[in-house]
1. What's the local net charge at ILE74, with K and R +1, D and E -1, over the other residues with C-beta under 12 Å away?
2. Hey, got a sec? Which GluC sites (Glu not before Pro) in the stretch 1-62 land in a DSSP loop and have at most 16 other Cβ atoms within 10 Å?
3. Would you mind counting up the charge near ASP7? Only other residues with Cβ under 14 Å from its Cβ, with Lys and Arg at +1 and Asp and Glu at -1.
4. May I ask you to give the solvent-accessible area per residue for the stretch 1-75, in square angstrom, as obtained with a 1.4 angstrom probe?
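The values are calculated or read from the model by the stated rules, or taken from the named source; none is laboratory data. Quick caveat: nothing in here was measured; it's all calculated off a predicted structure. Here Cβ is always computed from backbone atoms with ideal geometry, including for glycine, and neighbour counts include all displayed protein chains. For accessibility, only protein heavy atoms count, side chains too; no ligands or nucleic acids. Shrake-Rupley method; radii C 1.70, N 1.55, O 1.52, S 1.80 Å.
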Amino acid sequence: LHVKLSDVEAFLASIPIEHELVHFVQVSAQQGVDLRILSDANSFFIEEVLRPKGILGSFSRIVTNPVTLEGDRIVVSPFHKDEHPGSSSSPPNLCKGR
């Protein structure tokens, strides 16, 4: 199965976000609220969903798994490259703060 990068971008851009939430993000950012995202998704998906709604720049920081693009290929890397603590009850990819 080969899906073009432009098709993925178009699909992500089409994901709806409630108007009230977009408005809340815009107003909060205008009033100086420090908005951040902590996610176990990836930077490409998050950016491609938020950018078309005009709210990507409203967030001061997005902590998530990084992406590199290799042609039409989206390569997701883990946020942490070090060993996940064995005592943790969460999946390795979920932990973002150390």
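1. On the way: positive: LYS4, ARG73; negative: ASP7, GLU9, GLU47, GLU48, GLU70, ASP72.
Within the 12 Å Cβ shell, the charges total -4.
2. Working: sites: GLU9, GLU18, GLU20, GLU47, GLU48; in loops: GLU18.
Taking the stretch 1-62 and a limit of 16 other Cβ atoms within 10 Å, the loop GluC sites (Glu not before Pro) found are GLU18.
3. Numbers: positive: LYS4, ARG73; negative: GLU9, GLU48, ASP72.
Counting the neighbours of ASP7, the net charge comes to -1.
4. Working: 4990 Å² over 75 residues.
Accessible area per residue: 67 Å².
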